[in-house]
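First comes the structure, then the notes that go with it.
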Amino acid sequence: MTKFLNNIISERALTSVFQPIINLSNGNVHGHEGLIRGPVSSNLHMPFDLFNEAYEKNRVCDLELLSLQIGLESFVKFSRFNKIFVNVSPECLLQFDQNKVISLAYIENLGLSPKDIVLELTESSPTFDYSKLYDVIESYRNVGFQIAIDDLGEGFSSLRLWSELQPEYVKIDKYFIKDINLNPIKLQFVKSIQKIAENSGTKVIAEGVETEAELAIVKDLNVSYCQGYLLGRPQPEPIQEIEDNMKRLFISKSISVFPKDSRSQKQGNIRRLLVNVPFVDIATTNDEVFVLFESNSKLFSIPVIQDDVPIGLISRSKMIDSFARPFRKELYGKNSCSYFMDKKPLIVEATITFHELSDLITQMEPHHLANGFIITEKAKYLGLGSGHALLKEITEMQISAAKYANPLTLLPGNVPINEHIDRLLEKNITFWACYCDLDNFKPFNDFYGFRRGDQLIQLVGETLTNSVRIDLDFVGHIGGDDFILLFQSEDWEVRCSQVLQHLELTIPEFYDIENREVGGIECDDRQGNKEFFPYSTLSIGAVKVDPHFFFSHHEVSAAMTLAKKEAKRLTGNSLFYERRARELA
């Protein structure tokens, strides 16, 4: 296999394929990522196998250089109208710079300009000199090249790369895009990355978009660009525009409904953050600690323990950075690991809660979040916790609390309802807002008890949920027997009518036989007087929301409430459509 790899490199037996990167604001092709393939029908055809073989044979940089050249040379044969993204690892980029391989003369000889090329950093190792890499990157950027960081969220320290290098683009790893329309944690991650990007002047590229639902979410999050099989598979010739049947996805003015998290808020202490990692004592040398870090790329810190009691913490970044400097390893390698040890690490008991720990970290120096914290039980060492895991846990709890304020129906409460209304208004989308309220519910609940009352509310929630298009329409539960429907579907009236018809048939089943025979129940009214109450029915007050006349969820809520009051004046299951929305705004 070694000879075969050497022949591939010496004979330049590689081919390029190109995957389009699409501008999400208009559907235009922004550029292409140049991808490489080995000889067809060989074991080294796919890049994963090809580069694994090169890594084993210590020829990764030779293969990267050839791949880059083949990619650029193939690209100029077909297209000079948009950007070409070429993959290169930081390690090999440093080596290329020393050899002056990616020269302006080479680029210009191809008929390209540096401004046409984006160097896409693919991180394969945690051990490189950041300061030297920054200098190299700046030398390329100063002559017109742009920089992208690939697979954000997947590599060893891509967030640090982002901070250090300030790239023009970051590409979110496809793991976070897959099923983002179903996963609120992935949604929150991409939201956070997009926010950071907006504040830092970086453009985000969502990788691995394979479904229309995924595309709709990243588009609604204002992500700048995307790539994936939905919009174009890698192919030998770069495309100039996407297929006509895909353009409709960018013309659509509707917005997607963000995914819901059905898990209830988690309680308890921080034990589930506990990670068992190797620990050392103070007699361990720096060389031995460095070997531990090298052998486990996921190890972010190593505790120093003496007689079962933690006395310090050694962070990966401090150790790796120090040893990357000239002669540091030779000078300090045989010394005690206490030289690089944080003698005042964050140490917490396992009984502390997530919010208590979060508050504690925010009051301390920032490095505790990156380095992690030591977890103890009665002052004895238990294990290590990471700031990343803590943030993820807190985020999940916050999302759960915000998205599912109502534990009975697991439908979004006031906060997400208002957020969705504001999103619709911000996007200048006309929609129909419906306030749904059960009539005669209190006497039903008093007569039969809260358990049957809860079952009736759940029936209404399920009926409303089944009536909408889940990708376009929003169902919320603001509490008690009050629900909200936010329709983008044009046939909203038909859907509301179907809800009322279904409830007219099913609600009587919640009454006992003797009450069904008379069509209701007799019980005390609010003044304590006996009164007959017919079957509980649903009143829906609807308002057409024109974003030119409504400017916040407060105004929409007020208009819905007035429409609901009018609906409740009607008898039985009823829909009242307020056509004076402009006057109400």
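Nothing in this text is a laboratory measurement; each read-out follows from the coordinates by a stated rule. No experiment lies behind these values; they were computed from the predicted model shown. All Cβ positions, glycine included, derive from the backbone under ideal geometry; neighbour counts span all protein chains shown.
Each residue of region 337-347 was assigned a 3J(HN,Hα) from its phi angle through the Karplus curve 6.51 cos²θ - 1.76 cosθ + 1.60 (θ = phi - 60°); the sequence is 5, 5, 4, 9, 7, 6, 7, 10, x, 7, 10 Hz, with glycine and proline shown as x. Between the alpha-carbon centres of region 282-331 and region 39-72 there is a gap of 34 Å.
Working out 0.36 nm times the residue gap between Asn466 and Lys132, then minus their Cα-Cα distance, what length gain in nm do you get to one decimal?
On the way: separation 334, 0.36 × 334 = 120.24 nm, distance 5.80 nm.
Extending this stretch completely gives an extra 114.4 nm.
Each other residue within a Cβ distance under 9 Å of Asp482 adds +1 if Lys or Arg and -1 if Asp or Glu, for a net charge of -1.
With θ taken as phi - 60° and the Karplus curve 6.51 cos²θ - 1.76 cosθ + 1.60 applied, the whole-hertz 3J(HN,Hα) list for region 527-541 is 8, x, 8, 5, 8, 8, 10, x, 3, 5, 10, 10, 10, 10, x Hz, x standing for glycine and proline.
Take the Cβ-Cβ distance between Phe4 and Asp287 as r, set R0 to 45 Å, and report the resulting FRET efficiency rounded to the nearest 0.05. FRET efficiency, Phe4 to Asp287: 0.75. Of the options (1) 26.5, 94; (2) 30.4, 97; (3) 46.9, 159, only one is Rg and Dmax of the Cα atoms in Å as computed from these coordinates, and that is (2).
From the helices alone, meaning DSSP H stretches of at least four residues, give me the mean residue ellipticity at 222 nm for the chain, per-run term -39500 (n - 2.57), in deg cm²/dmol to the nearest 500. The helix contribution divided over the chain gives -12500 deg cm²/dmol.
Dividing the convex hull volume of the alpha carbon atoms of region 270-394 by its residue count gives 95 Å³ per residue.
Counting only DSSP beta bridges with both residues in the chain, tell me the antiparallel percent, nearest 5. The antiparallel fraction comes to roughly 65 percent.
Computed from phi, the 3J(HN,Hα) profile of region 235-240 under the Karplus parametrisation 6.51, -1.76, 1.60 (θ = phi - 60°) reads 8, x, 10, x, 8, 9 Hz, with x in place of Gly and Pro. Close amide H pairs (under 5 Å, H built 1.01 Å from N) link Asp439 with Thr537, Leu538, Ser539, residues at least 5 positions away or on another chain.
The Cys residues in the chain with no partner Cys Cβ within less than 4.7 Å of their Cβ are Cys226, Cys337, Cys434, Cys436, Cys496, Cys523. The peptide list 350-363, 163-176, put in order of mean Cβ contacts within 10 Å with the highest first, becomes 163-176, 350-363.
Take every Cα pair under 8 Å whose residues are at least 6 apart in sequence, average their separation, divide by the length of region 275-349, and the relative contact order is 36 percent.
Principal-axis analysis of the Cα atoms of the chain puts helix 492-506 at an angle of about 60° to the longest axis. Taking the Cα-to-Cβ direction at Asp422 and at Ala324 and moving 7 Å from each Cα, how far apart do the two end points lie in nm? About 4.0 nm, to one decimal.
Over the chain, what is the relative contact order in percent, taking alpha-carbon pairs closer than 8 angstrom and at least six residues apart? Across the chain, relative contact order equals 10 percent. From the alpha carbon centroid of region 217-243 to that of region 418-489 is 36 Å. Note the angle between two axes, namely the Cα long axis of helix 414-426 and the longest principal axis of the Cα atoms of the chain, as a number of degrees from 0 to 90, rounded to the nearest 10. Helix 414-426 sits roughly 70 degrees off the main axis of the chain.
Relative contact order of region 407-584, taken over Cα pairs closer than 8 Å and 6 or more residues apart, is 30 percent. Note on region 1-95: antiparallel DSSP beta bridges, both residues inside, total approximately 65 percent of the bridges counted.
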